[in-house]
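Notes for the one structure printed next.
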Amino acid sequence: MTLPFPPPDELDDQEEMGRWVNDLYQYLSRKEVVFTPSASELDQGVLGDEVTIKRIVDTVGTDKTVTIKLRHDPVNGDTTSYIFKTTDVIPGNIFIDLDPGALIKDTTDDADLTINGPIIAEPDQQIFDWGNGSGVLTIGKGLVYVGWFGAVGDCTGVGVGTDDSIATQTAFDAVDGSAYSTVIFPPGHRYRVSNTCTINWSGKYGGSLIMNSPMTPDVVVGNAFEILDGRYITLDLWVRDGGTLKDYSIADPSDAEQAFLIRGIRDATIDVKGDNYKGRVCRVSKEGAGEEKTSKLQFKSFNTGTSGTGCGQSIYIDATSAFGGFGDMKLFYDEYGPVFYETHDITIQLMDTIFQGNSGVVVSGCQSFWADVFSLGDETQTVDLLTINDGSLLHSANIHINSLFANKGKNGVVLTNIGLDYDVGSLIIDACMTRDNGEHGVYITDCRGMKLGVDSVEDEIGVEIVGASSRNLFIDLRSLSAKKQALIVGASAYQLEFTGVVQNANRSETATTSAVDINSTGRDIEFNSFTIEEATGYPEYLIDIVSSNNVVLNGGHFLVSAGATIIMNNAPKVARGVRGYKTEATGVATVLNGNTTIAVSHGLDITPTSVILTGTEAETNALWVTAIGSSTFTINVSGAVSANRDVYWSANGLLSQD
């Protein structure tokens with residue numbers, strides 16, 4: 001049995017479930033009172049000489065549940081038309097049951113018809129021939145199928161097959177302004193669209209658009225479907241083929257093509273599929289004047305390219321606040337990644353991507369953005385896989401990503417101008433794994449207040465920080481086999497703290513390249529328990545630090561297994577307890593009988609900044625140090641000693657004890 005209304009999508013919604021059970025009860029328990037109007041009457045909207053729909057409606061009233069049966073006898077032709085020349089309203093207690101071939105039709109008399117009761121017909125059965133005049137057909141409740149309005153769904157390619165635009169728009173018009181109305185594209189078809197079709201719920205609740213079959217827009221359609229102004233909406237959207245590739249990294253490229261524009265929709269559940277559509281699959285925009293706020297949208301799934309051919313772009317969002325979120329996003333082989341622009345309060349459970357050619361995920365000027373898992377790939381090393389930057393009016397801030405994997409991009413993660421209005425909490429990435437990216441694992445420019453946990457494997461450069469505004473950054477870095485540097489700190493960055501491990505950097509054996517380069521003289525650059533291990537000898541230095549720096553090393557371990565690598569170029573400001581980097585030593589030197597000097601090897605990994613000498617109480621000759629160098633210093637005695645003399649020394653390589 002085909003029901004004239006579907007069960008609710010959310011079976012745990014008590015209000016919707018109760019309404020559906022009530023409708024079902026009325027349908028199943030209705031009395032088998034069937035009225036059959038005469039098709040020979042030229043206007044079903046008047047009482048007429050014989051039985052008309054108007055006469056039946058007036059006779060029954062609104063209390064009894066009955067059925068009006070519109071019959072068709074194939075002997076009399078392909079169709080039987082029930083014509084309305086006069087405006088009429090069929091109340092919700094009356095079911096309309098149509099034989100195949102029976103049609104409800106308007107004329108140029110511009111009559112309006114409202115059907116508030118359920119309609120019984122097969123999904124692919126045309127039952128309306130409407131649009132011959134300017135009269136309005138309204139389906140006030142329940143579901144409608146696009147096939148009821150003449151949509152054929154025989155498209156086999158772009159511009160091939162019956163043009164279903166008029167039928168689709170008529171179906172959309174029929175539910176404009178109707179609460180709890182559902183438009184369905186039945187399965188087993190593909191619908192060609194040559195013009196923009198708009199469905200507008202005019203602020204009403206409970207509408208649904210369910211596409212169990214895809215639509216294919218003709219070339220240069222612009223927006224294929226515009227979905228506007230509704231609340232508590234359910235959308236299941238599907239586009240296949242069509243569209244034209246433009247620069248979809250921007251909001252409105254010239255002659256852009258978008259399969260679905262969503263605007264003024266609040267409290268919605270949405271699923272989207274896109275296959276080989278070279279335009280933008282979905283655009284979500286700020287509400288227009290008088291529309292519901294574009295907000296509280298929940299995309300349960302968003303899939304592109306799952307059939308093996310991607311789209312121009314999955315989605316571009318430029319709404320405002322309280323946006324909503326995404327459940328499962330699988331975006332494969334799209335030319336442009338999704339863009340989230342100056343939109344706040346976004347959550348993403350999972351985004352799994354493989355891009356090709358132009359751009360990856362872009363988050364611009366967003367505040368309050370949370371993601372659980374990002375798995376981003378390119379495989380061509382030409383795309384920045386994740387870019388977080390500022391918009392035209394706002395800086396990005398309050399962004400939290402739990403787990404991020406960025407593989408084989410140009411840059412795995414690019415962070416620019418984040419948190420410039422804040423000093424803390426602008427961005428947190430708990431676990432960021434970057435692998436085999438062509439320029440950087442993570443590239444940071446002018447950012448504040450960030451905390452990153454980075455695992456960089458075989459990236460060209462692991463992490464680079466530049467920009468005079470880069471400060472208040474905490475990075476836990478684990479770098480393995482960087483092709484060049486594991487870490488670069490640019491000339492102006494300051495207030496940085498690093499922990500972690502670097503192993504076997506400069507695998508490309510680039511000349512004069514170190515494992516870690518610190519070019520900044522800015523204050524408060526600290527390495528805490530930071531370990532650098534080199535078994536290859538490829539880096540020139542473990543750490544290359546600019547002179548007159550403010551670098552502090554606290555703990556950690558420097559380990560060189562191959563002799564070609566030098567531990568340090570230029571000393572840090574402070575080094576405390578770093579294993580493998582000797583900054584303090586003590587010893588005893590013996591000035592032989594008759595001598596006034598002795599050269600001492602201090603064994604430090606840095607030129608001492610101070611050497612303290614202590615002689616025996618019996619000696620009265622003065623002691624001093626000269627010729628302090630990278631490996632030795634000289635102890636001087638004011639006069640020749642008469643016997644061998646022991647001098648106790650303490651050498652310290654720290655520039656400061658701060």
Contour minus Cα-Cα distance for Ser561 and Asp63 (0.36 nm per residue): 170.0 nm
For Val501, distant residues with modelled amide H under 5 Å away: Leu477, Arg478, Ser479, Thr531
Accessible-area composition of the stretch 388-431, carbon plus sulfur, in percent [1.4 Å probe]: 53 percent
Violating pairs (Cα-Cα greater than 19 angstrom) within the set Lys246/Lys286; Lys278/Lys330; Lys300/Lys410; Lys64/Lys204: Lys246/Lys286; Lys300/Lys410; Lys64/Lys204
The stretch 224-308, accessible area per residue, ligands and nucleic acids excluded (1.4 Å, Å²): 33 Å²
The stretch 554-605 - percent of accessible surface contributed by carbon and sulfur, probe 1.4 Å: 46 percent
Thr62 accessible area, 1.4 Å probe, all protein chains in place, Å² to nearest 10: 100 Å²
Mean projection area, nm², convex hull over Cα of the stretch 166-274: 6.4 nm²
Net charge, Ser202 excluded, C-beta distance under 10 Å - Lys, Arg +1, Asp, Glu -1: -3
Calculated Rg and Dmax of the stretch 142-217 using C-alpha coordinates, Å: 12.0, 36
Where only C-alpha atoms are counted, convex hull volume of the stretch 262-310 per residue in Å³: 57 Å³
Calculated P(r) of the stretch 330-443 - Cα pairs past 19 Å, %: 39 percent
P(r) histogram, all alpha-carbon pairs of the chain included - 20 Å bins from 0, percent: 17, 34, 22, 14, 8, 3, 1, 0
The chain - charge dipole about Cα centre, Lys and Arg +1 at Cβ, Asp and Glu -1, debye rounded to 20: 1560 debye
Using θ = phi - 60° and Karplus 6.51 cos²θ - 1.76 cosθ + 1.60, couplings along the stretch 262-279 (whole Hz; Gly, Pro as x): 10, 8, x, 9, 10, 6, 10, 10, 9, 10, 9, 10, x, 10, 6, 9, 8, x
Residue-wise HN-Hα coupling along the stretch 210-226, computed from phi with Karplus coefficients 6.51, -1.76, 1.60 (Hz; x: Gly, Pro): 10, 9, 7, 9, x, 10, 10, x, 5, 5, 6, 8, x, 7, 6, 10, 10
Modelled FRET efficiency - R0 45 Å, Ser642 with Thr607, Cβ distances, 0.05 increments: 0.85
Expected 222 nm ellipticity per residue - DSSP helices of 4 or more, -39500 (n - 2.57), all of the chain, to 500: -1500 deg cm²/dmol
Coarse-grained scattering of the stretch 532-603 at q = 0.12, 0.16, 0.18, 0.23 Å⁻¹, given as base-10 log I(q)/I(0) from a Debye sum over alpha-carbon atoms: -0.46, -0.69, -0.79, -1.04
Within-9-Å neighbourhood charge of Gly312 [Cβ basis; K, R +1; D, E -1]: 0
Where labels lie 7 Å past Cα in the beta-carbon direction, separation of Val75 and Thr596 in nm: 14.1 nm
Distance from the stretch 393-448 to the stretch 532-582 (C-alpha centre basis), Å: 27 Å
Cα lying deepest toward the dipole's positive end in the chain, options Leu297, Gly580, Ala622, charges on Cβ: Ala622
Local electrostatic count at Asp218 - Lys and Arg +1, Asp and Glu -1, tallied over other residues with Cβ under 14 Å: -1
For q = 0.21 Å⁻¹, Debye-computed log10 I/I(0) when each Cα of the stretch 417-482 counts as one equal scatterer: -0.80
The chain, relative contact order in percent, only Cα pairs under 8 angstrom and at least six apart counted: 4 percent
Accessible solvent surface per residue of the stretch 315-472, calculated while the other protein chains remain in place, 1.4 angstrom probe, Å²: 30 Å²
Those lysines that a straight Cα-Cα span of less than 24 Å connects to Lys85, excepting residues fewer than 8 apart in one chain: Lys54, Lys69, Lys105, Lys141
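The values are calculated or read from the model by the stated rules, or taken from the named source; none is laboratory data. Note that the structure is predicted; figures quoted are calculated from it, not measured. Positions of Cβ are generated from backbone atoms using ideal geometry, with glycine treated the same way; all protein chains shown enter the neighbour counts. Surface areas here come from the heavy atoms of the whole protein model, side chains and all, with no ligands, DNA or RNA. Shrake-Rupley method; radii C 1.70, N 1.55, O 1.52, S 1.80 Å.
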